[in-house]
Every structure is written in structure tokens, then in C-alpha cells.
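The values are calculated or read from the model by the stated rules, or taken from the named source; none is laboratory data. As the structure is a computational prediction, the values presented were derived from the model and not from experiment. Methodologically, a virtual Cβ is constructed for each residue, glycine included, from the backbone with ideal geometry; neighbour enumeration extends over all protein chains shown. Keep in mind that these areas ignore ligands, DNA and RNA; they rest on the heavy atoms of the full protein, side chains included. Shrake-Rupley method; radii C 1.70, N 1.55, O 1.52, S 1.80 Å.
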Amino acid sequence: MNLSATDYDFLRTQFAQFSDPELTRADINDLVEAHFAYDHYDDNPAYMGTNNESFHEC
């Protein structure tokens, strides 16, 4: 994920979990990517299975 300096500043000021001064930009990037993956891919049938499976139920 490509975050700008403004994005990092915003995250640091708006969310307590990002306000730790010891967090590097790489750490913040990892946290944001982990949240995105959990929030959007976890238990979402559109991202599960293989190309050979159908998710349409009769």
C-alpha cells in the first residue's frame, strides 16, 4: 500500500494505535495492510476457494 506523508500524519493524529512515536512508516503500513486484509478478505466468499469452484448455490 502506498501511503503519503499526509496519510501517515493523519493516521498518527486520528487513531491512538498509530500515535506511538516508535512506530516506523513500515510498521504503520503493515498495520494498515493487515486491517485491510482482515476487513475485506476474511470470511468473504468472493475471495475464497479456487478457480474450479462455483459459489452459486441453487
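One table, with the values for the structure above:
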{"quantity": "Leading residue by the ranking (modelled with the lowest pLDDT) among those in region 1-16 that are in contact with a helix residue (DSSP H, G or I) (Cβ under 7 Å, 6 or more places away or on another chain) and open to solvent by 60 Å² or more (accessible area, probe 1.4 Å)", "calculated": "Met1"}
{"quantity": "Residue in region 42-57 that is modelled with pLDDT under 85 and either in contact with a strand residue (DSSP E or B) (Cβ under 8 Å, 6 or more places away or on another chain) or surrounded by 11 or more Cβ atoms within 10 Å (Cβ to Cβ) (or both) present", "calculated": "yes"}
{"quantity": "Check on Tyr38, touching a helix residue (DSSP H, G or I) at 6+ places or on another chain (Cβ under 6 Å) and modelled with pLDDT under 75", "calculated": "no"}
